[in-house]
1. Quick one: compute a quarter of the convex hull surface over the Cα atoms of region B:122-242 and quote it in nm².
2. When Lys and Arg each count +1 and Asp and Glu each count -1, what net charge do the other residues less than 15 Å away from residue B:221, Cβ to Cβ, add up to?
3. Using Stokes-Einstein with the Kirkwood hydrodynamic radius over Cα pairs, what translational diffusion coefficient do you get for the protein assembly as shown at 25 °C and a viscosity of 0.890 mPa s, in µm²/s rounded to a whole number?
4. Counting only the backbone N, which residues of region B:51-81 are under 13 Å from the spot 7 Å out from the Cα of residue B:30 toward its beta-carbon?
5. 7 Å from Cα along Cα→Cβ at both residue A:158 and residue A:84: what's the point-to-point distance in nm?
6. List, by residue number, every residue in region B:191-238 with a reduction of 40 Å² or greater in accessible area between the chain on its own and the complete protein assembly, 1.4 Å probe.
7. Rounded to whole Hz and in sequence order, give me ³J(HN,Hα) for region A:280-296 from the Karplus expression 6.51 cos²θ - 1.76 cosθ + 1.60, θ = phi - 60°, writing x for Gly and Pro.
8. Shielding by partners for A:134-141, please: the mean number of other protein chain Cβ atoms within 10 Å of each residue's Cβ.
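The values are calculated or read from the model by the stated rules, or taken from the named source; none is laboratory data. Model, not experiment: these values are computed from the prediction. Reconstructed Cβ throughout: ideal geometry from the backbone, glycine too, with neighbour counts over all protein chains shown. Side chains included, ligands, DNA and RNA excluded: accessible areas come from the protein's heavy atoms. Shrake-Rupley method; radii C 1.70, N 1.55, O 1.52, S 1.80 Å.
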Amino acid sequence: MSPALLSVEGLRVGFRSADGGIVEAVRGVDFSVAPGEAVGIVGESGSGKSLSMLAVMRLLGAPARVTGGRVVFDGEDLVAADEKRMRALRGRDIAMVFQDPQSSLNPALTIGRQITDVVRAHRDVSATEARRIAAESLERVGIRDAGKRLASYPHEFSGGMRQRALIAMAIACRPRLLIADEPTTALDVTVQAQIVDLIAELRRELGLAVVFISHNLQLVAEIVDRVVVMYGGKVVEDGPVEAIERGPRHPYTGLLKACVPSLSGPVGPLTAIEGAPPRLGRLPAGCPFSPRCPDAIETCAREMPALIAEAGHRTACWRPR
Amino acid sequence: MTGPILALRGVSKSFPQGGLLDRLLGRDSRLVALDDVSLDVMRGDVVGVVGESGSGKSTLASLAVGLARPTLGDVLLDGQSMAELMRDHAGLWRRRVQMVFQDSSSALNPRKSVDRCLGETLALRGVPRAGRESEIAELLTLVGLGPEIGPRLPHELSGGQRQRIGLARALAMKPEVLIADEPVSALDVSLQAQVINLLSRLTRELGLTLLFISHDLALVRTLCSRIVVMRKGAIVEQGACLDVLDRPQHPYTQTLIAAVPKGLAGRRKTWPAPSAVAPETREDIHGAA
Ligand SMILES: Nc1ncnc2c1ncn2[C@@H]1O[C@H](COP(=O)(O)OP(=O)(O)O)[C@@H](O)[C@H]1O
Ligand SMILES: Nc1ncnc2c1ncn2[C@@H]1O[C@H](COP(=O)(O)OP(=O)(O)O)[C@@H](O)[C@H]1O
Ligand code: SF4
Ligand SMILES: [Mg+2]
Ligand SMILES: [Mg+2]
């Protein structure tokens, strides 16, 4: 196996709560991404997906902060890096796109200006050259008349085009890692399919490693090599996409798959996961899924199952399937 | 043979577009949100309405509940014209057709407890004070919640619980038709499944007629007996749900079906050809590492 491009080791993210204690939302997350690999991170909302990746980018806003662990990118610990170093890495080596393209763009600046700003922050090029690169990036993400579109403002773009523009900005400096946090959740399914195809295509052309966050396992499985499943601030399963699709080992992954109906096969009541995702600070001492798990035994709520690897497939469960 | 419980007859709805200046200068243009739509919904039908955003689904919903009036055409409830019913018995329409919204947090008053919210709705229906408490308990049970939810405020509920309260409030009016506009779009998949199963049970047990608006074809397939596909304000295809989804006739329906994520089975064998622009390598840009 090649050395990891990104390695997240025992990452913890917490908040100072009203009573002065620390509430942890990310509770010891481990996973890695090889160069050029595409990894999907799935789980219900509140499982800590966004906070983990914001911690990787060092973009956590107060009151959230990293309370433990390391984030190693290309051999360098980012948790310990200074802000100047992070500014150099962000956009150039690691880029991130978010769910809501609207709020990630500055409404007062043209699309062209926003892309050229990123380009000039990382590359020693003239203004003309920066505009050429910006136009080329827009063209690469499938925006027609890219040269003219540089003068457009975000509101003149549709939601799908805005997301494309953000991806253009993200790839303008040819990063090695692209983190996409629910990049299609706010879009129509038809546009979602186009954006997913675009990310897969860019990955192949540019040799990008991709972390694709989503609550939709079916969507993620279309483009990733490996799936990391999170629940209650922990990784509960991590395996090759084929294995996760055919036979998930963790009961949560199995249920997460089963509760999404498909467009073929018999129609019947859906498998539901009873109860609600856990609330921070109200997690059991043991397996976070134990209050909702149909397979739970007495040990489950009391003792935390370790994330155990078996032939490249990791599962944290006392009774894996 | 009885007629449709809800019918749209040649319904169009348009909205004025452009600023005041445009209108003063006579540059009056209108945005056509619904364009000559006709639809019959029979009693007990569970109809899925699908289409991309902007296709007119919510406009259709607001016409059906009587929150908006058609620009052209008529909406009929059990054979009675909306134009007439609204003039004489607006309250009656509003009681017989109820609505559940996507975002129940903005549809519920943040300062009113669940008990109070449901109690006020029951009062609207004319349920005497003495009978309300037991009916609130029944409603909560119906939507799968316990009585401990009663004293809570909306922000003290999870998204799935709030959606159930929105549903309980609509059911408190004992409607004949329920319009649900993207009722599960904001929920996690596990909670979506819970609410879909609940809607499915309620339509069966209460004989409700349901118009289920969604952009999720797989959910519609699970819940609905009929499907209506909308595009740019018009119905492009409709029919029995499984027929349409298994053998779509209209290219737009085919596009929608093709876009549904399908897991490993949906992996494109060949990704689209790279674009014409030759990719610059990282080394070209940043120099060799
Ligand atoms: N600024 C904040 N203050 C307090 N809690 C927060 C804050 N941001 C996120 N959280 C909580 O942290 C948990 C994990 O959040 P997040 O990483 O956004 O989850 P996901 O992306 O998996 O939906 C959630 O329970 C969320 O409510
Ligand atoms: N109150 C309104 N004023 C102006 N335009 C509206 C109004 N309501 C809807 N529209 C427009 O009508 C079209 C259809 O909208 P809508 O019915 O909300 O579609 P959907 O629910 O399918 O996304 C859209 O172009 C929308 O912008
Ligand atoms: S450890 Fe126990 S409760 Fe947790 S997922 Fe496994 S069986 Fe279920
Ligand atoms: Mg998130
Ligand atoms: Mg709508």
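1. For the Cα atoms of region B:122-242, the hull's average projected area reads 8.7 nm².
2. -1
3. 93
4. Residues passing the 13 Å test: B:69-73.
5. With each label point 7 Å from Cα toward Cβ, the separation is 4.6 nm.
6. B:193, B:194, B:197, B:215, B:218, B:221, B:222
7. Going residue by residue, I get 4, x, 10, 7, x, 5, x, 4, x, 8, 4, x, 10, 8, x, 9, 4 Hz, with x marking Gly and Pro.
8. The mean count of partner-chain Cβ atoms within 10 Å per residue comes to 2.
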